[in-house]
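Written below as structure tokens is the structure these notes are about.
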Amino acid sequence: MVTVARWTQRTGSLVIIAKRIKPLRRRTEPVPWHITDSQINTPTARRKISAARILVPATAAIPATYCWRDSWLTGFDSVFALLSKFALLNGLTARELATLVVSTRCQGRTRLLDELDLDLRDSAVIDRNKLVRLFHTNAQVISRGFVLDTFPVRPSECAKVLRYCPDCLTFGWHFSLFQLTFVHRCPIHQLVLRDFCAACKTRVPYRLAASAFDNPFICSHCQADFAPSLGEP
Ligand SMILES: [Zn+2]
Ligand SMILES: [Zn+2]
């Protein structure tokens with residue numbers, strides 16, 4: 001007797017085929033071909049599944065996907081904020097994140113990934129089209145994330161450490177505008193921008209580096225949480 005159960009997750013991307021090789025005992029009721037989420041969590045359904053061998057056919061490749069929350073995109077986020085939120089949602093290390101977003105056409109890519117210390121003020125080594133896809137947005141929004149791509153300023157006018165409004169960062173908001181050294185206050189909250197952790201005075205490099213991205217929005221020195229609101233449901 002062969003039974004095939006097809007279960008589709010909410011994403012609709014996963015199909016599991018169960019083949020029952022040998023029944024444990026004679027059954028009078030038919031085993032359902034389709035098992036829903038509610039059915040699969042009943043004791044009866046679990047017994048039926050435990051009697052089956054789960055086979056995932058080699059031809060049914062499951063595409064790799066990443067999590068993203070469109071509600072976390074303001075349309076004006078800096079690339080620092082976007083990458084931090086993305087790493088947080090997907091549990092990525094700084095190295096995994098860099099491997100994902102550094103352009104494959106970039107010269108010296110292997111060395112850059114080894115050094116893991118990428119300037120986020122411009123998009124010189126970043127695959128911007130990849131960011132468009134990962135963040136479900138468009139090229140204009142991604143371009144706004146890079147301060148040197150957006151504003152006609154010199155590199156010396158863009159801070160090399162994170163400058164932020166504490167009230168904005170609570171919600172995971174950070175805008176490339178804050179990196180301009182001649183901007184001193186948040187235009188939303190009128191608070192003076194900070195360039196250090198309020199708890200321990202450590203500065204956060206404005207770079208894709210382990211110190212800033214292995215624990216996104218967490219001070220690498222004192223573990224202070226810069227964006228506690230992101231952890232709320
Ligand atoms: Zn603010
Ligand atoms: Zn700190």
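The values are calculated or read from the model by the stated rules, or taken from the named source; none is laboratory data. Because the structure is predicted, anything quoted here is derived from the model rather than measured. So basically every Cβ, Gly included, is an ideal-geometry build from the backbone, and we count neighbours across all protein chains shown.
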Residue selected from the stretch 192-209 under the condition surrounded by 15 or more Cβ atoms within 10 Å (Cβ to Cβ) and aliphatic (A, V, I, L, M), by the criterion farthest from Arg95 (Cα to Cα): Leu193
Unmet requirement for Asp149, which otherwise passes all of (1) over 27 Å from Thr65 (Cα atoms); (2) in contact with a strand residue (DSSP E or B) (Cβ under 8 Å, 6 or more places away or on another chain); (3) touching a residue at least 12 places away in the same chain (Cβ under 8 Å); (4) charged (D, E, K, R): (2)
Could you please let me know if Leu208 is in contact (Cβ under 8 Å) with a residue 12 or more places away in the chain, more than 16 Å from ligand 2 (Cβ to nearest atom) and in a strand (DSSP E or B)? yes
So which of Ala198, Ala224 ends up being more than 22 Å from Tyr66 (Cα to Cα), of a type outside the set (Phe, Trp, Tyr), in the same structural domain as Arg95 (by TED's automatic domain parsing) and within 16 Å of ligand 1 (Cβ to nearest atom)? Ala198
Tell me which of these Tyr164 doesn't satisfy, since it passes every other one: (1) more than 16 Å from ligand 2 (Cβ to nearest atom); (2) modelled with pLDDT of 95 or more; (3) out of contact with any Leu (no Cβ under 6 Å at 6 or more places or on another chain). (1)
Quickly run through the stretch 74-91 and pick out the residues that are surrounded by 20 or more Cβ atoms within 10 Å (Cβ to Cβ) and under 11 Å from the mean Cα position of the chain (by Cα). Ala81, Leu82, Leu83, Ser84, Lys85, Phe86, Ala87, Leu88
How many of the residues making up the stretch 171-205 are polar (S, T, N, Q) and within 15 Å of ligand 2 (Cβ to nearest atom)? 1
Output the qualifying pairs, or none if there are none: Cβ atoms under 6 angstrom, residues six or more apart or on different chains, first residue in the stretch 214-225 and among the small types (Gly, Ala, Ser), second residue more than 16 Å from ligand 1 (Cβ to nearest atom) and assigned to a loop (DSSP other than H, G, I, E, B). Ala224/Cys197; Ala224/Ala199
Condition first: under 12 Å from Leu208 (Cβ atoms) and assigned by TED's automatic domain parsing to the domain that holds His189. Can you find one or more residues in the stretch 102-109 that meet it? yes
Step by step: first the residues of the stretch 153-191, then only those that are within 16 Å of Pro205 (Cα to Cα) and among the hydroxyl-bearing types (Ser, Thr, Tyr), then the one that is nearest to ligand 1 (Cβ to nearest atom). Which residue is that? Tyr164
Filtered residues of the stretch 178-190 (kept if free of Cβ contacts under 8 Å to residues at least 40 places away in the same chain and within 12 Å of Arg163 (Cα to Cα)): Leu180, Thr181, Phe182, Val183, His184, Arg185, Cys186
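On the given criteria, is Val153 surrounded by fewer than 20 Cβ atoms within 10 Å (Cβ to Cβ) and part of a helix (DSSP H, G or I)?
No.
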